[in-house]
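Working notes, structure below.
The values are calculated or read from the model by the stated rules, or taken from the named source; none is laboratory data. It should be emphasised that the depicted structure is a prediction, and the values quoted were computed from it without experimental measurement. Ideal geometry is used to build each Cβ from the backbone, glycine not excepted, and the neighbour counts take in all protein chains shown. Surface accessibility is based on the protein's heavy atoms, side chains included, excluding ligands, DNA and RNA. Shrake-Rupley method; radii C 1.70, N 1.55, O 1.52, S 1.80 Å.
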Amino acid sequence: MKLTCYLDKLKYCREKDFDELGVYDNYPIALSLDISQGLLNSGKYIIIKYKERDWIAWKEGTVLIQYLPKLDTMTRAVSENLLNNKILQVHLKFQQEHFSTTLFAYPYQEKKIRGISNHKALARVIEDIGQYSMNNQIGLCLPRAVSGDISWASYPSHIIYSDNLDNEVRTLVKRQRQKKERIK
Amino acid sequence: MISDYILLALDNLKHRGIRSWLTMLGIFIGIAAVVSLISLGQGLQEAITGQFASLSTDKLTIQSASSGYGPPGAGAARKLNEHDVNLIKSVDGVNMVVPRLIRVGKVEYNKVAEFDYIASMPDDREQIDMIYAAINVKVDSGRLIDVGDRGKIVLGSNFLKNDNFGKPLKTGSSLKIQGKNYEVVGILKASSTMQVNMAILMNEKDMKDALGIGDETDIIVAQVENEKEINDVASRIEDKMRKDRKEKKGEEDFSVQTPVKALGTVNLILNIINLIVTGIAAISLVVGGIGIMNTMYTSVLERTKEIGIMKAIGARNSDVMKIFLIESGLLGLVGGVVGAVIGLLLAFGVSGAANAAFGSVILKVTLSWPLLLMSISFSLIIGIVSGISPAIQASKLKPVDALRK
């Protein structure tokens with residue numbers, strides 16, 4: 001699915017369908033560039049103190065964003081095979097190689113947007129960040145963009161906004177499918 | 001897909017190696033105990049029920065209320081006698097009455113003495129045939145005691161197997177009972193009744209002479225005309241004996257056992273034993289469940305980074321929860337399956353050893369599929385239930401916090 005299409009779906013999504021689009025607590029957004037300063041500069045986000053920590057918060061309310069730089073842990077997880085499972089290893093390696101940062105969106109801000117559900121508020125932030133990355137030509141991956149379980153077949157359904165990565169993802173998916181068929 | 005989750009959980013369990021097996025130990029013990037003991041208990045129950053059903057549906061056993069241990073009637077305040085035999089014979093619906101003696105006597109062979117059970121055989125064709133049919137014995141060598149066989153005895157199978165006298169016994173050997181010599185005319189094949197395997201069968205008159213028994217009898221076997229009326233006949237015998245002895249109902253010094261009554265008592269005891277065994281095994285299963293919970297909690301703590309990474313690459317709370325629940329469920333399931341196999345092996349082992357030791361098929365194993373399926377399902381449920389709380393904890397971890405830990 002194209003990012004524009006996904007963002008459109010988010011905009012017009014009914015409350016009961018958010019789950020289908022993967023809009024749920026701990027929503028991860030992998031990016032090829034740290035955009036936290038850019039978000040703050042846009043004026044739509046502010047820094048707030050929540051549970052003795054600094055968080056990027058959606059100015060209107062509800063959504064908090066946690067910023068995870070390309071931590072050593074991610075790199076170590078790949079090198080040490082921290083994830084025992086091959087499916088997860090492939091997903092992790094892909095994300096670790098192509099994206100330098102990950103944002104997580106949570107609907108936990110004490111200040112709530114009145115009349116807007118947590119899902120809807122999360123969807124607005126995802127839509128905003130998606131738009132920001134398109135406008136600024138920043139590679140983006142929404143690993144949980146559609147409902148479904150983690151599996152070999154997950155990648156085609158990820159939203160990946162990056163021309164360079166398109167071919168690479170196709171090759172990766174093809175390779176995984178061939179591997180799976182060989183196992184069968 | 002669920003198969004991917006199962007593969008993932010299996011990978012994690014394999015990764016933990018020996019710790020996974022140790023976690024399952026409690027489940028192994030619990031399920032193995034349940035499966036082995038209930039399989040043996042059911043086998044025993046079936047064997048006993050079978051014996052009652054095949055041998056004694058038309059026979060009643062009357063004996064004095066005993067005040068101690070030992071053969072039937074031992075220690076009874078008032079022994080049964082010829083008068084009681086005639087009284088029972090006169091009851092409506094009674095076809096045949098056989099008085100029997102079962103005592104302990106001094107037996108000597110090869111200058112070695114020991115005390116063994118001696119059982120009388122009636123000196124009447126019809127009666128002796130009825131007793132042989134009831135106890136269902138077959139000879140291993142020689143022949144059975146027949147009517148008019150004086151000075152002859154038949155030995156139970158244990159005499160052939162045990163080397164208590166330091167010299168093997170065989171047909172033709174001479175055995176001293178209470179100081180008098182008797183010729184062994186036959187040795188019985190191992191029977192499913194332990195008492196028969198341990199006993200010496202001898203003519204009733206010989207036994208009375210050897211043990212100095214007068215007008216006494218230890219048990220009276222009454223065969224009824226119509227087995228459907230066995231309970232009514234039992235009531236009539238009770239009434240008549242009560243009246244004869246001038247006793248009130250509930251204060252009798254004798255008992256009339258119908259096969260159903262006896263079977264009921266045996267089944268009640270076996271059911272109580274099964275219940276106690278199941279209770280003990282349930283404690284073990286709970287301990288096993290706590291073990292699984294402990295392992296899963298430790299696993300959550302150890303794998304916070306892994307959980308964080310999984311979430312960073314798109315796993316939902318529900319994905320993490322499913323993985324942990326499947327892992328704990330698998331611990332329970334594998335524990336249940338292995339426990340059931342161990343339990344069956346144990347049951348067959350114990351049964352084989354017991355049967356070899358007693359020389360007869362007294363312990364049979366009943367392979368019950370519902371029991372196996374229920375035990376395995378129960379351990380699967382225990383695994384899943386024990387994993388719920390750790391799985392919720394794992395699923396609620398915030399990825400960034402988890403990765404920073």
Problem set entry | Separation of alpha-carbon centers, segment B:310-339 and segment A:101-120, rounded to whole Å | 29
For this session: Quick one: compute the contact order of chain B, relative version, from alpha carbon pairs under 8 angstrom and 6+ residues apart, as a percent.
Result: 29
Exercise. Other chains' Cβ within 10 Å of B:4-15 residues: what's the mean?
Worked result: 4
Exercise. Residue by residue through segment B:159-167, which ³J(HN,Hα) values in whole Hz follow from phi under the Karplus form 6.51 cos²θ - 1.76 cosθ + 1.60 (θ = phi - 60°), with glycine and proline marked x?
Worked result: 5, 7, 7, 7, 10, 5, 8, x, 8
Problem set entry | Set B:Lys180/B:Lys364; B:Lys14/B:Lys398; B:Lys89/B:Lys248 screened for pairs whose C-alpha atoms are more than 30 Å apart | B:Lys180/B:Lys364
For this session: Would you grab the residues whose amide H sits under 5 Å from the one on B:Met96? Only those 5+ places off in sequence or on another chain, please, with H modelled 1.01 Å from N.
Result: B:Gln223
For this session: Pull up all non-local amide H partners of A:Lys59: gap of 5 or more, or a different chain, and H-to-H distance under 5 Å with H placed in the peptide plane.
Result: A:Tyr45, A:Ile46
For this session: Please provide three numbers in whole Å: the alpha-carbon extents of chain B along the principal axes, with the largest listed first.
Result: 96, 53, 32
Problem set entry | Amide H contacts of B:Lys189 (H built 1.01 Å from N, under 5 Å, at least 5 apart or other chain) | B:Lys138, B:Val139, B:Asp140
Exercise. So for the protein assembly as shown, taking the charge dipole from beta-carbon charges (+1 Lys/Arg, -1 Asp/Glu), which of B:Ser120, B:Phe324, A:Gly43 sits furthest toward the positive end?
Worked result: A:Gly43
For this session: Bin width 10 Å, alpha-carbon pairs only: give the P(r) of the protein assembly as shown as whole percents, running from 0 to the bin holding the largest distance.
Result: 3, 13, 17, 13, 10, 8, 7, 8, 9, 8, 4, 0
For this session: With +1 on each Lys and Arg Cβ and -1 on each Asp and Glu Cβ, and nothing else charged, work out how big the dipole of the protein assembly as shown is about its Cα centre, in Debye to the nearest 20.
Result: 2520
Seminar exercise, completed: Heavy-atom accessible surface buried between A and B, both sides counted, 1.4 angstrom probe, nearest 100 Å², is 2900
For this session: Under 11 Å from the Cβ of A:Tyr45, count the other residues' Cβ atoms, weight Lys and Arg +1, Asp and Glu -1, and hand me the total.
Result: 0
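Just checking the output field for B:303-311: average partner chain Cβ neighbours within 10 Å of each residue's Cβ?
Mean partner shielding for this stretch: 6.
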For this session: Please label the shape of segment B:295-351 as rounded, prolate or oblate, based on the square roots a ≥ b ≥ c of the eigenvalues of the alpha-carbon gyration tensor (a/c under 1.5 means rounded; beyond that, a/b larger than b/c means prolate, else oblate).
Result: prolate
For this session: Note the angle between two axes, namely the Cα long axis of helix B:2-16 and the longest principal axis of the Cα atoms of chain B, as a number of degrees from 0 to 90, rounded to the nearest 10.
Result: 80
Problem set entry | Estimated dipole of segment B:137-290 in Debye, rounded to 20 [Cβ of Lys and Arg +1, of Asp and Glu -1, Cα centre] | 420
For this session: For n ≥ 4 DSSP H runs only, could you compute -39500 (n - 2.57) per run for chain B, divide by its residues and tell me the 222 nm figure to the nearest 500?
Result: -19500 deg cm²/dmol
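Within the accessible area of segment B:278-405, what % is carbon and sulfur when the probe is 1.4 Å and the other protein chains stay in place?
For segment B:278-405, the apolar C and S fraction of the accessible surface comes to 79 percent.
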Seminar exercise, completed: Along the dipole axis of the protein assembly as shown (charges at Cβ: +1 for Lys and Arg, -1 for Asp and Glu; origin at the Cα centre), the most positive-end residue among B:Thr217, B:Gln45, B:Met194 is B:Gln45
Problem set entry | Per-selection Rg to Rh, segment B:55-258 - Cα, Kirkwood hydrodynamic radius | 0.99
Seminar exercise, completed: With x for Gly and Pro, the residue-by-residue ³J(HN,Hα) of segment A:40-50, computed from phi through the Karplus equation 6.51 cos²θ - 1.76 cosθ + 1.60 at θ = phi - 60° and given in whole Hz, is 5, 5, 5, x, 8, 10, 9, 9, 10, 9, 9
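Partner chain Cβ atoms within 10 Å, averaged over the residues of A:18-31 - can you pull that number for me?
Counting other chains' Cβ atoms within 10 Å and averaging over A:18-31 gives 3.
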